[in-house]
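Everything below concerns the one structure shown next.
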Amino acid sequence: MEELKKLEQVQKVLSLMQSHRITSSSRLPAPESDRFLSSLVLLLMQPCGELGFEEKCQLVCDNVPKLSTLFLEEVSASLLGKDKDKGLDMFPDKIKDICSLKADFNDEAMVGLDAMQRANSTLEDFCRSYFMFHDLDASKPQSIFRYLPILSFTESYIYQLDCLNESLLHEPVGSHNVLKEAAFVSASDDVTLPSTLVTCKRKSSSAGSVHAFLTDPFRQLVLLLQRHGLMTERIGEELRGGEEYWKLERQLCSAMINKEEISIQVVMRAIHLKSFDYRVLNLLLFNVRGEKVDNIFMDFLSASEFLVEVADDLFDYEDDVLENNFNILRMFVRIYGPSAAPTMLARCITEGEEKYIRLLHGLDPDLSHKYQVRCEEATREGGKGSGPPLGTWNIPTIITDEELYRSNISAMSP
C-alpha cells in the first residue's frame, strides 16, 4: 500500500512537471530522467527543520554546480564500502553508470585564466569569420553567449596545451637535451620520462604533467565532451591531428636546433594540421546546434586556414627564429637554402591560392561574398589572422645564420 501511494505521488508530480514544461534533456532517456526529476521534487517537499521552499531551492541552485561525477562516485564507494551486503536501494542503475566512468581528479578538464586570455583573440576571429557559415550573427550578443562556454573552454584548453608545448620548444635555446628527449615521444610509447622533462612545466598550464601532455594530451577534454554528448569521431580525428602537429613541431624544431635534415613532406603535413583548433570549434558548433557537418565548408576552411597560417608565419618569422617555433619559412630555408626558399614558398602559396579560389566559388554566393568582406575587414585591421592576403604576399629578409641572429639579439637585450 505504501509503495502504491509513492507511485501515485510520483505520477502526480510528473503530470505537474509536464504541464509546466519541466522535462529532461533530449540527450537523456526520458522515462528514467523524468522519474529522477520527480523524485528530486518530492525530496524538496519533505520537511527539514525550518527550511521553506525558497531556502531549499536556493540551496539546490547554490550547490548543484559543485556536484560532480567524482563526488558521486566517492559517496557511492563510501556507502557501498560500509554496507556492501545490503547495497544501495536508491538509484542502483545510476550508481552503476557513474561508477563505470572511473573518474578522478586527474580526469577533470580545467583551464587557467592565462589560457582564456590568450584564446580570446582566436575566439573573436572565429565568431566574426565563421558564425556566418552556421547561420549565426556575430554582431548579436545572444548568438555569441549561447555557445561561448563550450567554445571558450575548448579553445582555452588547446591554448593551455600549446603553451606547454612551447615551453619544450623554448628550452633548447640554452640546452638541446629537453627538446631532443621530447621530440619523438607519443601516445603509443610506454616510457619513463627523464627528470628534465618531468620538471619542465609552465606555471600557466593546469592541464597536467609533461608526461600526460606527451602521451595523451586531450584525455580530459575528450571525457568532458563525452559527458556532454558532444564528442564525435570527426572531432576525435581533428584532436589526434593536433597531437600529431605538436609532435611534428617538436621533431622539426629539434632538427633545426641540431642542424639535422628535415623533410618537405613532414613540413607540409605540419602546416596543414596547424589550424586544427578552428576545425574543432566548427565541428563543435555543428554538433551543439544539431546540424549536419557541411563538408564543402570544411574543405574550404582547410584551404583558407592554410593561407592564413602561412601569412602568420611570415609575420612572425623573426620571433619564431628567436624562440625556435615551427615556421614554414624557417623550414623552407633549411630544405632549399636561403636563395631558393622564397621562390619555392611562393610556388607553394600560388598552389594554395588556386585551391582556395576554386573552393570559394563552390560556396553559396551570399556566404562567399560575406566571407570576402570579412577577409578585407580583417586585412585592414592588420596583424595576425588577417585572412588570406591574395596577391599581396611579402616575404621577410631571410636569416641565413639563426644562431648568430639569436646571439646578436641577445647581446642587444638589456
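E166 satisfies every condition listed in (1) modelled with pLDDT under 90; (2) surrounded by fewer than 16 Cβ atoms within 10 Å (Cβ to Cβ) except (2). E261: of a type in the set (D, E) and part of a helix (DSSP H, G or I), yes or no? When the stated conditions are applied, E261 does not pass them. Taking the numbered list (1) in contact with a helix residue (DSSP H, G or I) (Cβ under 9 Å, 6 or more places away or on another chain); (2) at pLDDT below 95; (3) of a type in the set (S, T, N, Q) in turn, S152 passes all entries but (2). Please work out if S139 is among the polar types (S, T, N, Q), surrounded by fewer than 18 Cβ atoms within 10 Å (Cβ to Cβ), more than 26 Å from S302 (Cβ to Cβ) and modelled with pLDDT of 90 or more. For S139, the condition - among the polar types (S, T, N, Q), surrounded by fewer than 18 Cβ atoms within 10 Å (Cβ to Cβ), more than 26 Å from S302 (Cβ to Cβ) and modelled with pLDDT of 90 or more - is met. Entry remark, the stretch 311-343: residues being in contact with a helix residue (DSSP H, G or I) (Cβ under 9 Å, 6 or more places away or on another chain) and surrounded by fewer than 15 Cβ atoms within 10 Å (Cβ to Cβ) number 3 in total. Take V266 and tell me if it is in contact (Cβ under 8 Å) with a residue 60 or more places away in the chain and either among the β-branched types (V, I, T) or not assigned by the TED database to the domain that holds Y159 (or both). Criteria not met by V266. For the stretch 8-50, filtering for residues that are assigned to a loop (DSSP other than H, G, I, E, B) and at pLDDT 80 or above leaves 3. For the stretch 114-124, a tally of residues being closer than 12 Å to L151 by Cβ and not small (G, A, S) returns 5.
Residue-by-condition table, conditions (1) modelled with pLDDT of 95 or more; (2) surrounded by fewer than 19 Cβ atoms within 10 Å (Cβ to Cβ):
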site	(1), (2)
S100	no, yes
N106	no, yes
M110	no, yes
L113	no, yes
S121	no, yes
F133	yes, no
S143	no, yes
S156	yes, no
Q160	no, no
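Taking first residues from the stretch 44-72 that are touching a residue at least 60 places away in the same chain (Cβ under 8 Å) and partners that are part of a loop (DSSP other than H, G, I, E, B) and surrounded by 11 or more Cβ atoms within 10 Å (Cβ to Cβ), the Cβ contacts under 8 Å between residues at least 6 apart in sequence or on separate chains come to T69/L101; T69/A103.
The values are calculated or read from the model by the stated rules, or taken from the named source; none is laboratory data. Here the structure is a predicted model, which is why all the values come from computation and not from measurement. Note that we place each Cβ from the backbone using ideal geometry, even for glycine, and neighbour counts take in every protein chain shown.
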